[in-house]
Amino acid sequence: MTEDATMTEDAAVTEDGSLRGKVAVVTGGTRGLGLAIAGRLAQSGAQVVACHRREQPPARLPGRVTAVRADVTRPDQVAALLDGVRRQHGRLDFFVHNAASFHPMPASALDAAGCARDAAVALGPFVHGIGPIAGLLTATGGRIIVVSSTGGRSVIPGYVSQGMAKAALENLVRYLAVELAPRGVTVNAVAAGKLDPGGTQEASGRPDPGARVAARTPAGRLATRDEVADVVGLLCRHEAGVLHGQTITVDGGLSLLA
């Protein structure tokens, strides 16, 4: 058996759901939802490269998670990120794109710079690096998973720029899914609704607006970061290998209501 064949066999997702020996990249992976996703994959045994854009070092990360600074809107830094993964690990099993930029604005007064930035972050790693990403993942039968938002399909006040960026990202997921499926790579999205901030009161003492959203949600509560991370983890499992080009909505059923 050749070295390449051994790599492909070893990189296949194990049927028991364990990610031992697998390698993942999580963009925006050092805080918030990205950190929850990185932690979930690491807990399952994967070695996780969590990329971040900020200059200051990230907070302490879970075991098996390594922070790497990379701005996904810059071609040179995307290339350096993927080259580093190739040199250090020799393969890539999961590419999770979570990084996002948010510039609130009304749809009737769009800010060009804000819209451009939000789109650049949403699409950046694929515009600048889909060739190397696909090449690394093809060798392992890997997965691309993007974090989207219900705001890509529904109207949320002030969310238009991010909504357009997420809608474009979900459309790209479908195109990539069709083209990469014959190469053994799956491409899917996880669309999160408003997430539980971990409390029910604002600093002012007034009720958290999220509580009003939770009251309208069929599940009676908002989803948490950890629950979104769990869905990302499910898409990395052996059983999810037949899913291609899907967007899984994690919002407690809220988007089902008229």
Check: Just for the range 133-150: of the residues that are of a type in the set (S, T, N, Q) and over 18 Å from the mean Cα position of the chain (by Cα), which one is surrounded by the most Cβ atoms within 10 Å (Cβ to Cβ)?
Finding: Thr140
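Tell me which residues, restricted to the range 33-61, are exposed (fewer than 15 other Cβ atoms within 10 Å of the Cβ) and in contact with a strand residue (DSSP E or B) (Cβ under 9 Å, 6 or more places away or on another chain). Steps first, answer last, please.
Our first condition is that a residue be exposed (fewer than 15 other Cβ atoms within 10 Å of the Cβ); within the range 33-61, this holds for 45, 54-57, 59-60.
Scanning the range 33-61 gives Arg54, Glu55, Pro57.
This table checks each residue for (1) small (Gly, Ala, Ser); (2) more than 13 Å from Arg225 (Cβ to Cβ).
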{"site": "Lys22", "(1), (2)": "no, yes"}
{"site": "Val25", "(1), (2)": "no, yes"}
{"site": "Leu33", "(1), (2)": "no, no"}
{"site": "Ile37", "(1), (2)": "no, no"}
{"site": "Leu41", "(1), (2)": "no, yes"}
{"site": "Gly45", "(1), (2)": "yes, yes"}
{"site": "Val49", "(1), (2)": "no, yes"}
{"site": "Arg54", "(1), (2)": "no, yes"}
Margin query: Among the listed residues Arg183, Arg153, identify the single one that is among the basic types (Lys, Arg) and either in contact with a His (Cβ under 7 Å, 6 or more places away or on another chain) or within 30 Å of Lys22 (Cα to Cα) (or both).
Written below: Arg183
Checklist line | Considering residues of the range 1-55 that are touching an Asp or Glu at 6+ places or on another chain (Cβ under 8 Å) and in a helix (DSSP H, G or I) only, the residue modelled with the lowest pLDDT | finding: Ala11
Next item on the list: Taking Ala113 as the residue in question, decide whether it is surrounded by fewer than 19 Cβ atoms within 10 Å (Cβ to Cβ) and either touching a Pro at 6+ places or on another chain (Cβ under 9 Å) or at pLDDT 95 or above (or both).
Entry: yes
Next item on the list: Under 6 Å between Cβ atoms, at least 6 apart or on separate chains: pull out the pairs that start in the range 44-66 with a residue that is within 19 Å of Arg237 (Cα to Cα) and end on any residue that is of a type in the set (Ser, Thr, Tyr) and surrounded by 14 or more Cβ atoms within 10 Å (Cβ to Cβ).
Entry: Gly45/Ser18; Val49/Thr66
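Are there any helices (runs of 4 or more DSSP H) wholly within the range 151-258 with 2 or more residues that are buried (at least 19 other Cβ atoms within 10 Å of the Cβ) and touching a residue at least 40 places away in the same chain (Cβ under 8 Å), and if so which? Before the answer, list the steps.
Details: elements: 160-180, 209-216, 225-235.
Ranges flagged: 160-180, 225-235.
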Checklist line | Residue, farthest from Val96 (Cα to Cα), within the range 132-150, restricted to residues that are among the small types (Gly, Ala, Ser) and in contact (Cβ under 8 Å) with a residue 24 or more places away in the chain | finding: Ala139
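The values are calculated or read from the model by the stated rules, or taken from the named source; none is laboratory data. The structure displayed is predicted, hence computed values, not measured ones. Every residue, glycine as well, gets a Cβ built from its backbone with ideal geometry; the counts of neighbours run over all protein chains shown.
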